[in-house]
Structure formats: C-alpha cells, structure tokens
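The values are calculated or read from the model by the stated rules, or taken from the named source; none is laboratory data. On a predicted model such as this, the values are computed, not experimentally measured, just so you know. Please note: Cβ atoms are built from the backbone with ideal geometry, for glycine as well, and neighbour counts cover all protein chains shown. For the accessible areas, the whole protein counts, side chains as well, though only heavy atoms, and no ligand, DNA or RNA atoms are used. Shrake-Rupley method; radii C 1.70, N 1.55, O 1.52, S 1.80 Å.
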Amino acid sequence: MRWIDEEDIEDLAIGAALLGTGGGGDPYLGKLMVQKCIRDNGPIQMIDVTEVPDAAWVIPTAMMGAPTIMMEKIPNGDEALKSMRMLEKQTGISAYATMPIECGGLNSTVPFVVASKAGIPLVDGDGMGRAFPELQMETFHIYGISGTPMVLHNERGDRVLLETLDNYMLEHISRGIAVRMGGAAHVAEYMMTGADVKRTAIHGTMTLCMALGQSIRHAQKTKRNPIEAIQEVTRNSIYGEAIVVFRGKVTDIERQSTDGFVRGKALVAGLGEYEEKELKVDFQNENLFATVDGQAIAMVPDLITFLDQETGMPITTESIKYGFRVICLAIPTPDIMRTPEALEVWGPRYFGYDTDYEPVEIIQQRRGTQHV
C-alpha cells in the first residue's frame, strides 16, 4: 500500500503519457484534476493487485472518445464517479476499489479522481499496459471478463446503462453513444472480483508510470540524457528496454476526429544519422504503426512514442505539431500482450495492416540500430 501525493501525480502524468503511446488524453488536464482532489481530500491510497481480497469487487473507470475533443470539452470532474455510482446502484454491488483500464495521460488519472472522491483505494495496474483505441482491447476481455454492465456519463448529466452480448458489441454501441454525447464520455465497466483482477490485470503499471515520470524530471534537473534514464527504468521492468528508432523534424500532420476517434499520421524528416530518411507513424488515438522509407520499424502492440528532443517529455497525438524536433521511441510490450489470443485482438492485422506482428527488438536487430 502507498499513499499518493501531488508530487507523485506530477510523475504519474508524465510516465502515463509516455506509456500512453500518444493517446489516453491530455496529461496536463488529468494532473490538475487529481491534484485538486488531493488538496481537498488528502493523499490517495494505492494498493498492489495482490492486496485486493479475492471476493471484493473492483470497478475500473475511464474516459472514452477522441482526445482532441477532450481538450475543448473540459469535464466537470465527477462524471466517472457518477458512472461508477450508477453501476453500483443497478447491480447492488459496492466497489471496494477502482482502477485504470489503460495507461494514458488522462485515463491514468481519472480513476485517481474517482478513488479520492469515493474514499476508496486505487489498484496499481490496468488492462492494456499502454493505451488502445477500443474497449475490447483490454486484457480483461482477452482473459474472459465481460465489459458489461457498463455505464456512460457525460458532463450534462446524461447517462446510459449498457448490457451487450459480447465486448465487441460493447465497443460498437458505446462508441456510438459517446459520439452522441459530444465525442467523449466517462465510463465504468469490466467490474470484476479481486480474484479476476489478479488473473487478468497487468500488475504495477501505475508505479512504473511514476518511476518513468520521476526519471525524466530528474534527468531534466541534472542535465542527464532523459533517454538513458527511460531505458534504465524500462530495462528493469516487465517491458523491454526502450529503443530509439528515429530522430527528426515533424514535416506534416494529418489529423481527423471521426466516429469517436482521432485518426491520422505524422511524417518526420530524419536528422543526424537518420538524414535523408522519412518516418511515418499512423495513429488511431494512439500511435499504431511506424515505417521508415516504407519499411516497418515498430508496430502494435509494442509502444511507439514521440518525445520532445530537448526536454524528453512525451508528446500526445493531439499536441504534436509541424516543426517539432522529436525522438521516436519504441518500447517492447509485456509478454502477456504478445500471446496469440492478445494479438488477435490488437495485433497489426486487426488494424488493417497486411503483416503479422514482429517484436520491435527483432526488427531493430535486423536494422542494426544501436540503442542510445
């Protein structure tokens, strides 16, 4: 068990944006929401997955929709809590704790707001180990948990209770509702027992986010290379060591908010050892597939993240702009996300790419790229 204070949230917002692979919402907004809660209610209790009693119930909470819309449609701050309360009322089950469904700038912090306002613990883990654009793309789904009953709530007070036959219909129907709610909604879903959390969640990811954020901030203060600091943390985690796959200047961004997602691509002209080469990264809320001069260099579910070249701070898909000088980083995903069952749900073929998944560390060995 650990008590989370405002300083921890500074680190969480940075680390979650890094693991969020460009998605998961604005880290600045999420940070401000949680820090206000801590000033009002005190530190927030975070517990290890193993500390949740087997028979206790955990209700994950999150935001769903297009991150670009969340930058203009600021939430009231209590929408996710209201979704959880409505789910409790409808099922007659009280939440022992809440937890994130993914790592992401906003979606790692929303459950901390819920935990603070409800006075319950937050579980140190999530269901993606990164951010993904669709709700069936969670380890909870892959390992047998139903996403419904689910509740969606918006800032106006509109709410919907949803029950579906499977988690693909959950994504299909709830996405349409989120669009009708203005492009984004706050949800409570995948309620499960402590025994199921232990079996299906990716453990310790909030602690890892804080460690990554702390390493970047410390590197900034001590003038150390932030990439080396990130590699030091990831090397000793359930992820693999972070790899620099490209450096350059952003030359073009295509970005469209449609059907509850942000879809587009970023083009980057190489600098230094990547001179005369061009990086293309496709995204659907999150960065999905990276190529250099048409050759794949990293793909889902491995993590693809842009960092500011000067500060080492992660850049989200809604904030990356023309002219930014960036480092593109790839992080090997945990083994639980590389199983055949998992790749069927979130591998490159699901997103329409005509290729099987190939781990980023294997691709980089073939390219002969040196770790920085």
Hits in segment 143-174 - residues which are among the charged types (D, E, K, R) and either under 14 Å from Ile59 (Cβ atoms) or in contact with a Phe, Trp or Tyr (Cβ under 8 Å, 6 or more places away or on another chain) (or both): none
Qualifying position, being over 26 Å from the mean Cα position of the chain (by Cα) and among the small types (Gly, Ala, Ser), among Gly270, Gly260, Gly264: Gly270
Output yes when any residue across segment 176-190 is among the basic types (Lys, Arg), farther than 18 Å from Met128 by Cα, open to solvent by 10 Å² or more (accessible area, probe 1.4 Å) and modelled with pLDDT under 95, and no when none is. yes
Residue that is most open to solvent (accessible area, probe 1.4 Å) [pool: residues in segment 118-139 that are more than 26 Å from Asn285 (Cβ to Cβ) and of a type outside the set (A, V, I, L, M)]: Gly119
Complete set of residues in segment 292-314 that are open to solvent by 20 Å² or more (accessible area, probe 1.4 Å) and either more than 17 Å from Glu361 (Cβ to Cβ) or without any contact (Cβ under 8 Å) to a residue 12 or more places away in the chain (or both): Asp293, Gly294, Gln295, Asp308, Gln309, Glu310, Thr311, Met313, Pro314
Of the residues Ile238, Ile230, Ile177, which is part of a loop (DSSP other than H, G, I, E, B) and either without any contact (Cβ under 8 Å) to a residue 60 or more places away in the chain or not polar (S, T, N, Q) (or both)? Ile238
Every residue in segment 63-103 that is of a type in the set (Gly, Ala, Ser), open to solvent by less than 10 Å² (accessible area, probe 1.4 Å) and either modelled with pLDDT of 95 or more or touching a Lys or Arg at 6+ places or on another chain (Cβ under 8 Å) (or both), please. Ala80, Ser83, Ala97
Mind checking which pairs have a first residue in segment 180-198 that is within 12 Å of Arg156 (Cβ to Cβ) and a second that is open to solvent by less than 10 Å² (accessible area, probe 1.4 Å) and part of a loop (DSSP other than H, G, I, E, B), Cβ under 6 Å, 6 or more apart or different chains? Met181/Asn154; Ala185/Asn154
Kindly indicate which of Asn225, Asn236 is over 23 Å from Pro27 (Cα atoms), modelled with pLDDT under 95 and surrounded by fewer than 17 Cβ atoms within 10 Å (Cβ to Cβ). Asn236
Just give me the residues in segment 109-133 being of a type outside the set (A, V, I, L, M) and either in a helix (DSSP H, G or I) or touching a Cys at 6+ places or on another chain (Cβ under 7 Å) (or both), in sequence order. Pro111, Phe112, Ser116, Lys117, Asp126, Gly129, Arg130
Could you say which residue among Leu329, Leu343 is modelled with pLDDT of 90 or more, of a type in the set (A, V, I, L, M) and assigned to a helix (DSSP H, G or I)? Leu343
When the residues of segment 180-209 are narrowed to those that are in contact with a strand residue (DSSP E or B) (Cβ under 8 Å, 6 or more places away or on another chain), assigned to a helix (DSSP H, G or I) and among the aliphatic types (A, V, I, L, M), which ends up nearest to Met86 (Cα to Cα)? Val197
Cβ-Cβ distance below 7 Å, separation of 6 or more or different chains: which pairs start in segment 39-50 with a residue that is among the charged types (D, E, K, R) and end on one that is buried (at least 18 other Cβ atoms within 10 Å of the Cβ) and modelled with pLDDT of 95 or more? Asp48/Asp124
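Rundown of residues vs (1) under 23 Å from Ser108 (Cβ atoms); (2) acidic (Asp, Glu); (3) open to solvent by less than 10 Å² (accessible area, probe 1.4 Å), yes/no style:
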position	(1), (2), (3)
Lys198	yes, no, no
His218	yes, no, no
Glu232	yes, yes, no
Leu267	no, no, no
Glu273	no, yes, no
